[in-house]
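**Student:** Next up is a structure, given as structure tokens.
No lab work stands behind these numbers, since they all come straight from the coordinates. Just so we're clear, the structure is a prediction, and the values are computed from it rather than from any experiment. Here Cβ is always computed from backbone atoms with ideal geometry, including for glycine, and neighbour counts include all displayed protein chains.
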Amino acid sequence: MAENNKRIICTVISLTLMNLLNNMDRVTISGVLPDIKKAFSLNNTQAGLIQTVFVISYLISALIYGFLGDRYNRKILMFTGLIIWSSVTFASSFVADGYQHYWLFLVLRGCSGIGEASYGIIAPTIIADLFTNRMRSLVLAIYYLAVPIGGALGLYIGTFVAMAAKTWRAAFWVSPGLGILTAVFSILFNENPPRGKAEVESNVTQDWHGFEATTWISDIKAILKTPTYVLSSLGYACQFFTLGALAFWIVSALYYLQLSLTGYATLSQTGLYFGIILCFGGIAGVLTGAGAASYLKENVIKEGDAIVCAVGMATSGISLYLCLVFGEFSIVIAWVFVFMGCFAIFLLTTPITDILLYTIPPARRSTAEAFQIAVGHLLGDAASPYIVGAISDAITINKSPVAQSYALRYSLLICTFVCMLGCGFHLFASLTLVNDREKMLRLIGDNDVLVDDQQVVSENSDILQEVSTNKLVDIIIC
């Protein structure tokens with residue numbers, strides 16, 4: 001038992017490290033974007049296409065890994081994904097300067113999306129199979145703390161490492177090495193629990209092989225008949241539209257803003273400020289969102305997860321609007337509202353995943369996670385960096401700091417509308433959430449599972465909090 005608990009701890013650590021590296025890589029490019037534009041002679045539209053190509057590759061790969069994650073060994077899938085990501089990320093740093101080599105840089109960034117999709121899709125489903133209820137929310141909160149921390153580290157690497165090495169290419173030399181180490185650690189020490197183990201552990205405690213997978217088409221049809229899942233996925237897309245645009249463009253926008261207001265600014269300084277805000281605002285948002293949602297659904301309203309998501313999207317939209325419109329009067333005002341916006345949008349991180357995990361049955365969670373991520377990225381950050389870049393180019397082609405600041409800030413205003421749209425989706429999701437959760441519990445209660453190759457019917461559909469609580473106590477003691 002002690003050995004198993006140690007492996008559970010190792011699993012949570014390695015999955016969190018994977019998420020950290022994932023978000024480091026996504027944001028690193030933002031810290032050196034002006035240098036990359038110079039190296040390949042790009043305008044804002046072409047620069048935005050870099051992120052779009054990455055995300056399109058990511059979402060296509062996500063669907064494939066979702067199918068594989070519900071059917072095959074998840075440790076091996078994540079290991080191969082990390083190796084692919086580390087290799088192509090490192091290789092992208094050696095692409096020669098010049099617009100004629102821009103296509104190769106795009107291809108390599110696209111390939112890095114293939115690797116990231118593996119652990120990005122599968123990791124939350126492993127957590128779901130190890131923990132339930134409050135413990136699941138707690139572990140998910142720990143896992144998602146890697147999003148703001150990884151984003152901040154990515155910015156630091158993108159600015160300070162590149163500045164120390166005197167080349168933007170150095171920004172892509174650190175995370176691949178960490179990726180290889182994490183891959184080796186995960187294949188040696190990670191748990192690969194049976195699918196759905198946590199939900200029925202109180203009834204079936206040994207040699208349980210999980211719910212039997214159905215066809216991919218059947219999975220998609222079933223999850224699309226879950227209204228809460230569909231609505232929260234659309235809200236997820238709105239969140240990622242905003243995050244994608246901000247992560248890619250906000251450093252450049254505020255760099256040009258400070259340059260136009262004060263006459264002096266450096267990318268390293270702007271990246272440092274945004275990294276600090278992203279880190280601390282994100283950490284506060286993740287922890288506050290997880291705590292508020294848990295308190296609300298246990299003591300006030302069962303739809304607490306969806307309500308927290310709606311409030312987070314609305315607050316983020318308002319904060320972003322105030323930053324972009326009133327920031328032209330003071331860079332301090334801009335930074336204050338950027339912090340509020342980061343805090344608010346990260347309130348959603350744990351609740352939105354929790355909603356998926358308790359409204360979708362275990363055998364379909366990887367597919368549901370993959371489909372949600374595919375939709376979220378396709379409608380979200382696959383498009384938003386390119387759209388913002390194209391709008392800013394349409395506003396002006398003037399390269400002066402004042403013109404670029406104006407163009408980028410007003411093109412980012414599209415995110416405020418998208419945030420309000422996301423708020424609406426989550427409010428509608430709150431109307432169907434309780435019913436969809438009860439349907440999933442009934443499905444577990446009626447589902448036939450396999451124990452020692454014999455069919456056994458689960459007698460109790462209730463998900464017991466005591467299972468996860470006892471597991472935590474065992475882990476702490478051991």
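**Student:** Normalised by the residues of the chain, what does the relative contact order come to in percent, with Cα pairs under 8 Å and at least six apart?
**Tutor:** Details: 898 pairs, mean separation 125.4, N = 478.
That works out to 26 percent.
**Student:** Subtracting the Cα-Cα distance from 0.36 nm times the residue separation, let me have the gained length for Asn398 to Arg442 in nm, one decimal. Kindly include the intermediate steps, with their values, before the conclusion.
**Tutor:** Working: separation 44, 0.36 × 44 = 15.84 nm, distance 6.08 nm.
Extra length from Asn398 to Arg442 when fully extended: 9.8 nm.
**Student:** How large is the dipole of the stretch 1-129 about the Cα centre if only Lys and Arg carry +1 and Asp and Glu carry -1, each at its Cβ, rounded to the nearest 20 debye?
**Tutor:** Working: 9 positive and 7 negative charges, 17 e Å.
Here the stretch 1-129 has a charge dipole of around 80 debye.
**Student:** Which ³J(HN,Hα) values, rounded to whole Hz and listed in residue order, are derived for the stretch 26-39 from phi using the Karplus coefficients 6.51, -1.76 and 1.60 in 6.51 cos²θ - 1.76 cosθ + 1.60 with θ = phi - 60°, glycine and proline given as x?
**Tutor:** Rounded to whole hertz, the list is 5, 9, 3, 5, 5, x, 10, 4, x, 5, 5, 4, 5, 4.
**Student:** For each of Glu369, Glu303, Glu328, Glu298, count neighbouring Cβ atoms within 10 Å of the residue's Cβ, then give the residues from fewest to most. Please report the intermediate quantities before stating the final value.
**Tutor:** Details: Glu369 27, Glu303 23, Glu328 16, Glu298 13.
By the 10 Å Cβ count, ascending: Glu298, Glu328, Glu303, Glu369.
**Student:** Over 30 Å, how big is the tail of the calculated P(r) for the chain, in percent of all Cα pairs? Each step should come with its number before you reach the end.
**Tutor:** Working: 49131 of 114003 pairs.
Across the chain, Cα pairs with separations above 30 Å total 43 percent.
**Student:** Okay, moving on. For n ≥ 4 DSSP H runs only, could you compute -39500 (n - 2.57) per run for the chain, divide by its residues and tell me the 222 nm figure to the nearest 500? Mind dumping the intermediate values first?
**Tutor:** Numbers: 21 runs with 366 residues, N = 478.
Calculated mean residue ellipticity at 222 nm is -26000 deg cm²/dmol.
**Student:** Let me know the volume per residue of the alpha-carbon convex hull for the stretch 225-276, in Å³. Walk me through the numbers on the way to the answer.
**Tutor:** On the way: hull volume 4.0 nm³, N = 52.
Here the figure is 76 Å³ per residue.
**Student:** Taking +1 at the Cβ of each Lys and Arg and -1 at the Cβ of each Asp and Glu, which of Ser175, Val12, Ile122 sits farthest along the dipole of the chain towards its positive end, judged by Cα position relative to the Cα centre?
**Tutor:** Comparing the listed Cα positions along the dipole, Ser175 ranks first.
**Student:** Relative to the present Cα-Cα distance, how much length would full extension add between Ile301 and Gln269 at 0.36 nm per residue of separation? The partial results should precede the final answer.
**Tutor:** Details: separation 32, 0.36 × 32 = 11.52 nm, distance 4.37 nm.
Extra length available between Ile301 and Gln269 comes to 7.2 nm.
**Student:** Which value, to two decimals, describes the C-alpha radius of gyration of the stretch 291-435 once divided by 2.2 N^0.38 Å?
**Tutor:** After normalising by residue count via 2.2 N^0.38 Å, the value is 1.22.
**Student:** I've got another one for you. For Arg71, Arg26, what ranking results if the residue with the fewest other Cβ atoms within 10 Å of its Cβ goes first? Don't skip to the answer; put the middle values down first.
**Tutor:** Working: Arg71 15, Arg26 25.
Least crowded to most crowded, the residues run Arg71, Arg26.
**Student:** How big is the dipole moment of the chain about its Cα centre under a simple scheme where the beta carbon of each Lys and Arg is +1, that of each Asp and Glu is -1, and everything else is neutral? Debye, nearest 20, please. Don't skip to the end; give the middle numbers.
**Tutor:** Details: 27 positive and 31 negative charges, 263 e Å.
Dipole of the chain, to the nearest 20 debye: 1260 debye.
**Student:** Starting from 0.36 nm per residue, how many nanometres of slack lie between Ser218 and Ile76 once their C-alpha separation is accounted for? Before the final figure, lay out the partial values.
**Tutor:** On the way: separation 142, 0.36 × 142 = 51.12 nm, distance 2.51 nm.
Going from the current span to full extension adds 48.6 nm.
**Student:** So which of Lys75/Lys302; Lys37/Lys166; Lys38/Lys166; Lys75/Lys221; Lys75/Lys225 end up more than 23 Å apart by C-alpha? Could you put the intermediate results ahead of the total?
**Tutor:** Working: Lys75/Lys302 34 Å; Lys37/Lys166 16 Å; Lys38/Lys166 14 Å; Lys75/Lys221 27 Å; Lys75/Lys225 30 Å.
The pairs that break the limit, which is 23 Å between Cα atoms, are Lys75/Lys302; Lys75/Lys221; Lys75/Lys225.
**Student:** Which order do Phe79, Phe172, Phe280 fall in if you start with the one that has the fewest other Cβ atoms within 10 Å? Display every interim value, and only then the final one.
**Tutor:** Values: Phe79 21, Phe172 27, Phe280 16.
Result, fewest neighbours first: Phe280, Phe79, Phe172.
**Student:** Which peptide among 103-110, 314-321, 261-268 comes first, and what is the full order, when sorted by highest mean count of other Cβ atoms within 10 Å?
**Tutor:** Highest to lowest by the protection proxy: 314-321, 103-110, 261-268.
**Student:** Could you order the peptides 45-53, 87-95 from most to least packed, using the average number of other C-beta atoms within 10 Å per residue?
**Tutor:** Working: 45-53: 21.9, 87-95: 18.0.
Taking the mean over residues of other Cβ atoms within 10 Å, the ranking is 45-53, 87-95.
**Student:** If I take every Cα pair under 8 Å that is 6 or more residues apart in the stretch 101-201, average their sequence separation and divide by the length, what percent do I get for the relative contact order? Show your work: numbers first, answer last.
**Tutor:** Numbers: 37 pairs, mean separation 38.2, N = 101.
Relative contact order of the stretch 101-201: 38 percent.
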